[in-house]
Amino acid sequence: MAARLIDGKAIAADLRANVASAVKAMPQQPGLAVVLVGDDPASHVYVSAKAKACQEVGIASFEHRRPADLPAADLLALIDSLNNDDQVDGILVQLPLPEHLDSLTVIDAISPDKDVDGFHVINAGRLATGQDAMVPCTPFGCMLMIQQHLGDDLSGKSAVVVGRSNIVGKPMAQLLLAANATVTIAHSRTPDLPAVCQSADILVAAAGRPQMVKGSWVKPGATVIDVGINRIPAPERGEGKTRLVGDVDFSEAQAIAGAITPVPGGVGPMTIACLLRNTVVAACRRRGLPLSAAL
Ligand code: GUN
């Protein structure tokens, strides 16, 4: 039987609606500052999508686009001014940064309370030690989808996360662990990756490799979350055409899994919705306002 599709678009639309209601109830409009350095075309697309999503839920968005040769000191000065700007509740520096800029130094310059990406070392440490943290948007969105399908308590479930990035793999593993799953982080140097994946009741693919996870790697009935967004050639659509695929071979895995996220329409919409949610959470915390239970 084909797996149930976990509809990220629909879950994200619900979350965005809850964010919009929370924003309406706030005495002052929350604000998100997005910093984009350089001209990576994918980053420009993501940043425009984030600004549009802010508008739709009533969050003010402040875009700061800078050239690729921006000196590190200028970027740090911009972050400092945003840290001190009362209209700004959340700060996001779009990654990747040009090579001459050290992303860890830049991220750690953001005030942890405005770090809506949850990438600051303080937030990573809070998450790892079970304290209130800003949680990175992509893994948080994955967790909402997993828990919608399996419930909040993942006791007795084995989870395998393929990928060990600071942005997705590591925080994903922390969230699964906090929900009582038994967690393995696998990566490109893991021996017999297919066998490790086959042990997973919950399989999160975040390796950044198109269609790497084959159907034969999936345990029958497993919940499969595909974080990958990869553009590959699609000559069947015409010369020079491309299409988006995840890190999972969807057509193979769909026949084996119990539930699976599609690409597009799975994790992607959840990431942006969670960014909006984190911005409202940051605004409520900073201003001492109660947080809507729906968030
Ligand atoms: N680049 C790719 N994903 C992300 C993300 O979630 N946040 C930021 N800041 N940059 C990214």
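Here are some notes:
- With Cα atoms, 0 to 90° folded angle of helix 267-287 axis to the chain main axis: 40
- Peptides 62-73, 136-147, 151-162 ordered by average Cβ neighbours within 10 Å, highest first: 136-147, 151-162, 62-73
- Acute angle (nearest 10 degrees) that the helix 72-83 long axis makes with the longest principal axis of the chain, alpha-carbon atoms: 80
- Relative to the dominant Cα principal axis of the chain, helix 8-24 is inclined by about 20°.
- For the chain, Cys with no neighbouring Cys Cβ under 4.7 Å: C54, C142, C197, C284
- Shape of the chain, Cα gyration tensor, a/c cut at 1.5: prolate
- Under 5 Å, built H, 5+ apart or other chain: amide partners of S61: L32
- Pairwise centroid distance, computed over Cα atoms, of the range 253-295 with the range 108-171, Å: 11
- Highest average packing first - 218-229, 4-15, Cβ atoms within 10 Å: 218-229, 4-15
- In straight-distance terms, cross-link reach from K170 covers every one of the aspartates and glutamates whose alpha-carbon lies under 19 Å from its own, apart from those fewer than eight places away in the same chain; here that gives D108, D115, D117, D132, D201, D226, D247.
- Charged side chains reduced to their Cβ positions (Lys and Arg at +1, Asp and Glu at -1) give the chain a dipole of some 620 debye around its Cα centre.
- Two-decimal Rg/Rh across the range 1-97, once Rg and the Kirkwood Rh are taken from alpha-carbon atoms: 1.08
- Net charge of Cβ neighbours under 14 Å - reference A42; Lys, Arg +1; Asp, Glu -1: 0
- When only alpha carbons of the range 51-179 are considered, Rg and Dmax amount to 16.4, 50 Å.
- Average Cα contact separation per residue, the range 49-159, under 8 Å, 6 or more apart, as relative contact order %: 16
- Table column - 3J(HN,Hα) (Hz), the range 249-261, Karplus curve with 6.51, -1.76, 1.60, x for Gly and Pro: 6, 4, 5, 6, 5, 4, 6, 10, 5, x, 8, 8, 8
- For the chain, the 222 nm mean residue ellipticity estimated from helices alone, with every DSSP H stretch of n ≥ 4 adding -39500 (n - 2.57) and the total spread over all residues, rounds to -12000 deg cm²/dmol.
- When each of the peptides 117-127, 280-290 is scored by the mean number of other C-beta atoms lying within 10 Å of its residues, the order from highest to lowest reads 117-127, 280-290.
- Alpha carbon centroid spacing (whole Å) that separates the range 182-212 from the range 218-251: 16
- Among the trypsin sites (Lys or Arg not before Pro) in the range 221-258, those placed in a DSSP loop whose Cβ has at most 16 other Cβ atoms within 10 Å are K241.
Values quoted throughout were computed directly from the atomic coordinates according to the rules given, and no laboratory measurement underlies them. None of the values given here were measured: they were computed from a predicted structure. Note: ideal-geometry Cβ built from the backbone for every residue, glycine included; neighbour counts use all protein chains shown.
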